[in-house]
Amino acid sequence: MPMTITEKILARHAGLKEVKPGQIINAKVDIALGNDITAPIAIKEFKASGAQKVFNKNKVVLVPDHFTPNKDIKSAEQCKILREFAREQKLSHYFDGGDVGVEHALLPEKGIVVTGDLVIGADSHTCTYGALGAFATGVGSTDLAAAMVTGEAWFKVPESMKFIFRGKFNKWVDGKDLILYLIGDIGVDGALYRAMEFCGPAIDRLSMDSRLSMCNMAIEAGAKSGIIAPDKTTKTYVDKRAERPYKFYASDKDAVYCDVREYDCATIEPQVAFPHLPENTKNITEVGNVPIDQVVIGSCTNGRMEDLRVAAKILKGKKVASFVRLIVIPATPLIYKQAMEQGLFEIYLKAGAIISPPTCGPCLGGHMGILAEGERALATTNRNFVGRMGHPKSEVYLANPAVAAATAVKGRIAHPDEVIKK
Amino acid sequence: MRFKGKAWKFSADIDTDQIIPARYLNTSDPKELAKHCMEDADPEFVNKMKSGDIIVADKNFGCGSSREHAPIAIKAAGISCVIAKSFARIFYRNSFNMGLPILECHEAVDAIKEGDEVEVDLNSGEIVVLKSQISNLKSQIFHAQAIPPFMQELISTGGLMEWVKKKGKT
């Protein structure tokens with residue numbers, strides 16, 4: 001029977017020859033991930049179950065990245081639960097202090113997640129790893145607790161949707177724009193319970209950083225997972241990082257999809273998602289005059305080197321507009337170091353930006369850049385829900401890093417061409 | 001299991017940030033979380049609702065984050081069950097895993113008005129609108145989508161961790 005890449009990875013990990021959409025399977029997980037918000041509940045349930053040891057100390061990964069550096073006493077207590085558990089269980093992948101980065105940037109970078117893996121994470125953006133050609137999906141704390149005990153998780157095999165991207169990219173367009181455009185097309189539940197498969201000549205040309213941005217936001221269309229079949233770009237990325245053997249899977253030519261959609265990139269401009277849903281997208285040329293109080297460049301969606309470079313390109317020799325705060329958050333310690341060594345920090349600082357340590361911080365309204373009542377932010381993050389970045393009466397607009405940097409300079413949502421000619 | 005309570009209606013795409021804003025996620029204590037249940041969708045909700053009441057929402061309830069704090073906050077606030085046209089998948093999964101009864105029923109959501117008294121039979125999936133604020137109908141009966149057998153097994157065993165224990169995996 002022909003299968004999609006998603007079905008093949010699930011079948012392999014369930015020890016089955018084949019699986020069909022709708023089938024309930026129990027599958028082995030390669031990595032089970034938790035953070036400082038979700039893992040404390042999982043650890044409590046793990047202990048309550050009477051379990052003594054995690055199923056594999058190399059496969060349970062804890063990253064306290066949401067409220068770190070510790071925001072207050074309560075969050076410090078949550079992080080302490082992770083630290084003590086990591087020490088007690090001798091976890092080989094626990095990141096703290098100067099080693100911590102935003103989890104979905106950190107795990108691919110360190111080669112902890114590899115191509116062909118089946119990954120669950122108690123964080124909805126776990127779907128990011130689909131960019132490596134892995135099946136990865138977000139779950140809750142109880143699922144994480146069960147996987148820490150058994151090394152397994154149950155899944156309903158999802159139907160797959162295929163999204164084919166063709167054509168040339170417009171100036172300043174990257175993976176973020178493709179996924180925002182797509183969510184604008186199908187809506188925030190347009191892929192509910194399904195696996196999204198991104199393919200086509202335009203995806204083949206896409207960098208790994210852009211692929212990670214795309215798969216990261218599959219959840220914003222309601223999907224269980226997003227995936228890009230591994231190719232040369234994947235191999236180059238994974239080869240120098242993988243800490244375990246990896247495996248390439250590909251969809252069969254006659255695999256079955258519940259929906260196939262095609263997009264011509266030539267028609268896709270930089271996108272801006274208006275409050276309060278990622279599906280409220282507009283072309284940058286249709287935005288109008290929207291003044292902004294704060295700009296955030298970072299997160300598991302857009303805090304990688306490619307993102308920081310394009311932002312610096314626009315900010316070079318420019319100043320952030322008066323009464324606007326620009327916060328740049330390199331997603332991992334390595335990205336931080338590279339950005340510093342490559343001179344990007346100097347550009348940011350001269351422009352008047354704040355450089356934050358790696359953290360999820362403001363993306364979820366945690367800390368390090370919270371909005372007051374009536375304030376408006378443009379962010380390279382993934383969600384613009386009510387109150388997402390602070391006060392319930394604040395607003396968040398989503399865009400790519402080039403638009404974000406141009407917006408910081410202009411003090412209103414701006415096209416990068418208004419600031420620089422590429 | 002049967003529940004009876006007053007219906008509180010919510011719109012489509014209620015995300016987990018509205019159910020329990022991230023500013024309260026520096027704790028996982030159910031009592032603390034319950035105080036802020038639905039706060040960014042309706043700041044007065046926890047003061048208006050009574051234990052046993054039912055949330056009735058349009059499509060894609062619980063979209064966004066994987067935070068299990070969302071169903072925990074709803075359950076700890078005393079909500080007996082959530083009926084929606086559809087649920088976001090992680091919220092759906094979390095609810096079964098931690099024991100918040102949820103039902104999918106398009107027609108019931110359209111028929112139920114805020115303040116209606118609703119009775120739910122979780123085993124049969126029957127939703128009865130006992131007393132409607134608007135229509136004069138005495139009672140209307142709806143049938144929720146069947147719960148997959150595996151998930152029924154999870155519920156009858158007492159949640160995922162109990163199921164794991166029963167399978168002798170701890």
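The values are calculated or read from the model by the stated rules, or taken from the named source; none is laboratory data. These figures come from a predicted structure and were not determined experimentally. Here the Cβ positions follow ideal geometry from the backbone for every residue, glycine too, while neighbour counts run over all protein chains shown. Just the protein is used for accessible areas: all its heavy atoms, side chains included, with ligands, DNA and RNA removed. Shrake-Rupley method; radii C 1.70, N 1.55, O 1.52, S 1.80 Å.
Odds and ends about this structure:
- At a probe radius of 1.4 angstrom, the accessible area of the range A:1-155 per residue rounds to 30 square angstrom.
- When chain A is treated as a Gaussian network with alpha carbon springs shorter than 10 Å, the biggest mean-square fluctuation among A:323, A:169, A:46 belongs to A:323.
- Heavy atoms of residue A:12 accessible to a 1.4 Å probe, total area in Å² rounded to 10: 140
- Label-point separation in nm, residue A:264 to residue A:285, each point 7 Å along Cα→Cβ: 1.4
- Local charge for residue A:219 was computed over the other residues whose Cβ lies under 12 Å away, with Lys and Arg +1 and Asp and Glu -1, and equals 0.
- Computed E for residue B:143/residue A:247 - FRET, C-beta separation, R0 25 angstrom, nearest 0.05: 0.05
- Spin-label model, residue B:156/residue B:121: points 7 Å from Cα along the beta carbon direction are separated by 1.7 nm.
- Chain B and chain A together bury an accessible surface of about 3800 square angstrom, both sides counted, with a 1.4 Å probe and no ligands or nucleic acids included.
- Other protein chain C-beta atoms within 10 Å of residue C-beta, averaged over B:143-155: 1.
- Apportionment of accessible area to carbon and sulfur, chain A, percent (1.4 Å): 51
- Chain-alone versus full-assembly comparison, the range B:29-46, residues with accessible loss of at least 20 Å² (1.4 Å probe): B:40
- Long-range amide H partners of residue A:226 with built H, under 5 Å: A:130, A:136, A:196
- For the range A:63-96 versus the range A:104-150, the inter-centroid distance based on Cα atoms is 18 Å.
- The mean number of Cβ atoms from other chains found within 10 Å of a Cβ in peptide B:88-99 is 6, as a whole number.
- Label point at residue B:29 placed 7 Å out along Cα→Cβ; residues across the range A:53-77 whose backbone nitrogen lies under 11 Å: A:74
- Using a cut-off of 18 Å between Cα atoms, the listed pairs B:31/B:166; A:20/A:253; A:44/B:31; A:110/A:337; A:350/A:410 include B:31/B:166 as exceeding that distance.
- Among A:219, A:327, A:25, the largest mean-square fluctuation in a Gaussian network model of chain A, built with springs joining Cα atoms closer than 10 Å, belongs to A:25.
- Once both labels are positioned 7 Å from their Cα atoms along Cα-to-Cβ, the gap between residue A:204 and residue A:20 label points is 3.3 nm.
- Solvent-accessible area, 1.4 Å probe, carbon plus sulfur percent, for chain B: 50
- Per residue of A:42-51, other chain Cβ atoms within 10 Å of the residue Cβ number 3 on average.
- GNM on chain A, alpha-carbon springs under 10 angstrom: the most fluctuating residue among A:92, A:49, A:356 is A:49.
- Subtracting the Cα-Cα distance of residue A:349 and residue A:96 from their residue separation scaled by 0.36 nm leaves 88.5 nm.
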